[in-house]
Amino acid sequence: MAAHLLRSGNAGLEVTIVEKRASLGRGLAYSTDLPEHVLNVRAANMSAFADDPDHFARWLKARSIPSMIRPRILPPVSSMANILESC
């Protein structure tokens, strides 16, 4: 939600996020760093932004993450957490 608000282009907008964890965007679903924990959807079918459906796939490809090199490989959960954290 915060990333969407900040992308809105409203120069006067301020967003305050309260999070008890050390990093933002992970939450319970994306808090694992274990590489064997993978998403259950191909990267090409996911995006953090509805108006940019290729965002996640481009992000993975730019970082040479295997799911974009070999499309049948599901990306690790941590990759979605990292993209959400970087937004």
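Where residues in the range 60-73 are among the aliphatic types (A, V, I, L, M) and modelled with pLDDT of 80 or more, which of them is surrounded by the fewest Cβ atoms within 10 Å (Cβ to Cβ)? Across the range 60-73, the extreme among qualifying residues is Ala62.
Looking only at residues in the range 1-59 that are surrounded by fewer than 10 Cβ atoms within 10 Å (Cβ to Cβ) and either part of a helix (DSSP H, G or I) or under 15 Å from the mean Cα position of the chain (by Cα) (or both), the one that is modelled with the lowest pLDDT is Met1.
For beta carbons closer than 6 Å, sequence separation of 6+ or different chains, a first residue in the range 8-28 that is under 22 Å from Asp51 (Cβ atoms) and a second that is of a type in the set (Gly, Ala, Ser) and outside any loop (DSSP other than H, G, I, E, B), the qualifying pairs are Val15/Ala2; Ile17/Ala2.
The values are calculated or read from the model by the stated rules, or taken from the named source; none is laboratory data. Model, not experiment: these values are computed from the prediction. Using ideal geometry, Cβ is built from the backbone for each residue, glycine included, and neighbour counts are taken over all protein chains shown.
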